1. For chain A, modelled as a Gaussian network with Cα springs under 10 Å, which listed residue fluctuates most, A:V284, A:V163, A:V126?
2. Once both axes come from the Cα atoms, what is the angle between helix C:3-21 and the longest principal axis of chain C, in degrees from 0 to 90, rounded to 10?
3. Give the shape of region C:3-311 as rounded, prolate or oblate, defined through the alpha-carbon gyration tensor: a ≥ b ≥ c are the square roots of its eigenvalues, a/c under 1.5 means rounded, and otherwise the shape is prolate if a/b is larger than b/c and oblate if not.
4. So which lysines pass the test for A:K319, namely a Cα distance under 28 Å, with those fewer than 8 places away in the same chain ruled out?
5. Post the alpha-carbon centroid distance, region A:244-282 to region C:461-476, in whole angstrom.
6. What number comes out for accessible area per residue over region B:90-156 if the probe is 1.4 Å? Units Å², please.
7. Select from region C:119-146 all residues whose loss of accessible area on going from the chain by itself to the full protein assembly reaches 40 Å² or more (probe 1.4 Å).
8. For a quick protection proxy, order the peptides B:133-141, A:210-218, B:192-200 by their average other-Cβ count within 10 Å, most packed first.
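The values are calculated or read from the model by the stated rules, or taken from the named source; none is laboratory data. All of these numbers come straight from a predicted model, not from anything done at the bench. Positions of Cβ are backbone-derived with ideal geometry, glycine not excepted, and every protein chain shown enters the neighbour counts. To get the accessible areas, we keep the full protein, side chains included, count just its heavy atoms, and leave off ligands, DNA and RNA. Shrake-Rupley method; radii C 1.70, N 1.55, O 1.52, S 1.80 Å.
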Amino acid sequence: MTPEIVAWLAQDGITNGAIYALLALALLLVFTVTRVIFVPQGEFIAYAALSLALMESGRVPGTIYILLAGGALAAAMEVASAVRQHALARLPRILALYVVLPAAVAGAVWWAVPRNLAQWAQVLLVLAMVVPLGPIMYRVAYQPLASASVLVLFIVSMAVHYVMMGLSLVFFGGEGLRSRPFSDGQFQLGVLNVSAQSLWVVAASLVLIAALWFLFERSIYGKALRATAVNRVGARLVGIPANLMGQLSFLLAAFIGAVSGILISPITTLYYDTGFIIGLKGFVGAILGGMVSYPLAALGALTVGLLESFASFWASAYKESIVFTLIIPVLVWLSLRSRHVEEEEQE
Amino acid sequence: MSATLEVRELSVCYGKVEALHRASLRVPEGSIVTVIGPNGAGKTTMLGALMGLLPYTGHAEYAGADLADASVEARVARGLCLVPERRELFGELTVEDNLLLGAFQRHTRGDRTVGADTEAVYQRFPRLQERRRQLAGTLSGGERQMLALGRALMAKPRLLLLDEPSLGLAPRFVREIFHIIADLHQTGVSILLVEQNARAALQVADHGYVIETGEIVLEGTARELAANPRVVESYLGGGASA
Amino acid sequence: MNPARAAFGLFLGFLIAAPFALPEFYVTLMNYIGLAALVTLGLVLLTGVAGLMSFGQQAFVGIGAYATGVLTTVYAISPWLSLPAGLALTGLAALGIGAITVRLSGHYLPISTIAWGIALYFVFGNLEILGRYNGLQGVPPITVAGWTVDSGRDSYVLIWIATLAALVAARNLLDSRSGRAVRALRFRGTMAESFGVNTARLKLVVFLYAALLAALSGWLYAHFLRFVSPGPFNVNAGIEYLFMAVVGGASSVWGAVVGASVLTMLKEWLKDILPALFEQSGNYEVIVFGVLMVALLHRTSAGLMPAFARLVPASRQASRPGDAAPLARRERPRAGEPLLDVRAAHKQFGGLVAVSHLSFDMKTGEILGLIGPNGAGKSTMFNLITGVLAADDGEILFRGERIDRLLARDIARRGIGRTFQHVNLVGAMSVLENVAIGAHLRGRHGTVASILRLDRAEEARLRAEAARQVERVGLGEHLLDAAGSLPLGQQRLVEIARALAADPVLLLLDEPAAGLRYREKQSLAALLRGLRAEGISILLVEHDMDFVMGLVDRLVVMDFGEKLAAGLPQEIQRNPAVIEAYLGGIE
């Protein structure tokens, strides 16, 4: 193995690792706030990447139908609960949020597709289509089960993942798609040819991580999210609405997933179901971080990226095997090191 | 005198076990009412139900409106605040952030006076000001209770539900906490105080209830209860004070 | 006949009639249901009962299937030899994986199961000897005494015999000494350790049992399909088994059959019906399947089995235990011998000092009261003595032996029984079964013996002992009620009975009288005096001063983790420092 290859593999590993780190942060956020193991994370990656690729090729992505239908479903559930609680004053807000807003986004996409807008405008439209699916998903699938066990919430996550993946096949088809790179540049860094897209990925990840840090440290909603993650009962007692926090965490996770998808779609060919395995590696990263600490999760994700990159060089057929098996010793080490008294589940 | 809280025949069940049986009580506007009784009698359960954390049957009316169907956050919005026995602080956040989040709903409503109230809490609890940048998890027992109280005050409560505020505190702190409770009372907040420290509770309260195995067995003015032989015997440590 | 038995009889009748009455297609479907139910049953025990989530069962199915596939096709060995070989191989793999992963706490376990599930899938698909992704063709049929099991109907017999046997075995296991401990694992691990259960080992045993069931399913599968390929052993299959367990109701043995049936039929039905509804090709099954799952869990998040169970009127399955020879009792120290010696024990949680260099001692035959305000560190002291928490500093001696470095279960073995401040019962289990956990160390039969019902004589003695202790605390009429259905005060009495079932030398009672009415307190005091007369020493935490003062021989008063005073009850009552601390010291 030459230094060039090492450097090249490292670049590849860091690029992927940066994406995994973003996903790990999102998974961690969702888990600590809602106890949901967020399997459908992968779908946000795929939806965003494939929607962007379709728009670039001048086609209307089916994402807007999912957005409209999901919004309608969420609206129906909200209206039903508003009627039950005799709180009809909430109706206009519900309709604006779950019906009018999705319709406006759908309209904008329809208008924009034939006009072949600049790439940044298309990226914005993709975000507007994909990100609202997060809170809608929370409202429809998870909110009614907010007090269920982690196992049941996980099963719901799997079911939602199946639905989203099935819809993905219906609307995006089975072919792999790739979007245009943000820039085609290459430049020399020592022995290494660095592609501009890799830099984009790493830079965007860093910016996003910094933005998240700013949100959690500086804004009242970010602090409320942290408070909910730290102490759910305490959060309820100071009047932080659990449902709002759930939706907020899903919104952020969807945003992170969508951005990740947009960032990697020029590098990797994505299929309707590729998101899952990418999300899974983010999950592994989060687990390596012990499901508690954000910096550790990011570090864990970076490790996964590097591990995968080098494993693919030595034994590409066993790439996934190696990545997932090598994690076990790390897990054992982590679990032996943390000798805390195991917290028991409540009956 | 109108009642801030009017509870009629409140029952709470955990599965088939009834932890609270048809309890009725009343907190008049601006008064301190205490509920005393042994561990496991149902005191914490009652507060949990009033706060919306536990489902109940019966009737609870707060500030003239029925509480049924109101979510926890709706109750907080209406000025009902619980300082729980376990404090439930945000251990990994700073003291200042804990206080700030106490006023979460006021923030989201655009209330601009939150900053001034933080200062007021610091004035009431100077120790918290000294430790404003410290994580809540590193505080001592007494400081935790102060922070829990301070956090509740940040919501501008009309009725404070206090669950064992003296729990695990040094006598010196207990005294301080009860002074603060008496002090809060002066500012017009109504207080429902659940305590195992019956003597201190009855000294500060206007009215009291005794709860045993899920049922209210005695009620009266604090003075009456403090003189009641049964209360003296069971809760004030008849032998010890003799 | 009781309704539960009738329901079982009906199910058995259906199983016997099915191969004669149903068309081939449905017999095949039933085969798939049986195969899935076997794996799901393991998951019910592992996840639903013991609380260990696994996404990796399909890998064990794969090991079982591939083992027999390779041995019978490549090496032409009889399936009856490849079965034990496959089970042994799976057992080894499960022990290896389990030894590492079962001890992983919290969410490390599920992720590690995903990890090895995926890893093994890729191994199956890439090894030459396993036929790579093409798989192994021509797996021979099983023959039993000249009968060749080569049709779907033949396989049906084999598959369902195995499934029924596994169901009965699981039921036997849960209704035994080990089973009670397994049922305590999920929510009550600390309690189980305090009565001598080696929870880590027990988890490993359950893990092994689930893996072996999966391997058995794999063996049957390979010879039923006569073909093995990696496809059915990918992660999705593992997740599907988890779906079956949850949908069926993860806490019930029969939930495995319900879940396997519902999901297998649903998938088949969707495959049939959807292409007719949607012209366009696409993966509509997964969409409808997912939607149905979410809708179902919104309606019943505990799965279908509880709803099924409601159809069958409840019956008292367990009966009162009859007479049995009493269990052996341990030799006990003579009155007045030194029993417990706590020397400068210290425990700190972060910045909070819970117990601060506390010393006291106890003699055999004494009732010692440990009192102090809430939060003074009394329960922490209990946890230090019983090994639930490790002391940061100091020594604790029991009958002259240092116990402060021992595990909870080893301390229990030495004759210390305890109750918990926060009632620590398995709510869904009967009072009798909960108390029988206390006698765990007085039995010796393990999982295999209980599956084969070789433990019945000992089990009868354990149950009789438990029943005696329940009677003794005055709860005889509630013997067979679910412990969680009793009022809190009586649950505390169940805790005492459980501690007594351990035949303790020293009994640690944490607020036993809380939640009891006056008369109940009086009979509890009488009971404790009786125990003292028998030579059982008691360390008691209690708030009710009336109760304490009339009962104890000596008192230790704690405040802020420190010893404030110690002495006879009358002295303590007059101690000004105690009055100040205990009564709040309001001027």
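1. Between A:V284, A:V163, A:V126, it is A:V163 that shows the largest mean-square fluctuation.
2. 10
3. Numbers: a/c = 1.31, a/b = 1.11, b/c = 1.18.
Rounded.
4. Cross-link targets: A:K281.
5. That distance is 58 Å.
6. Details: 2780 Å² over 67 residues.
For region B:90-156, the solvent-accessible area averages 41 Å² per residue.
7. C:A119, C:F122, C:N126
8. Details: B:133-141: 17.2, A:210-218: 12.9, B:192-200: 24.3.
Per-residue Cβ counts within 10 Å, averaged per peptide and sorted highest first, yield B:192-200, B:133-141, A:210-218.
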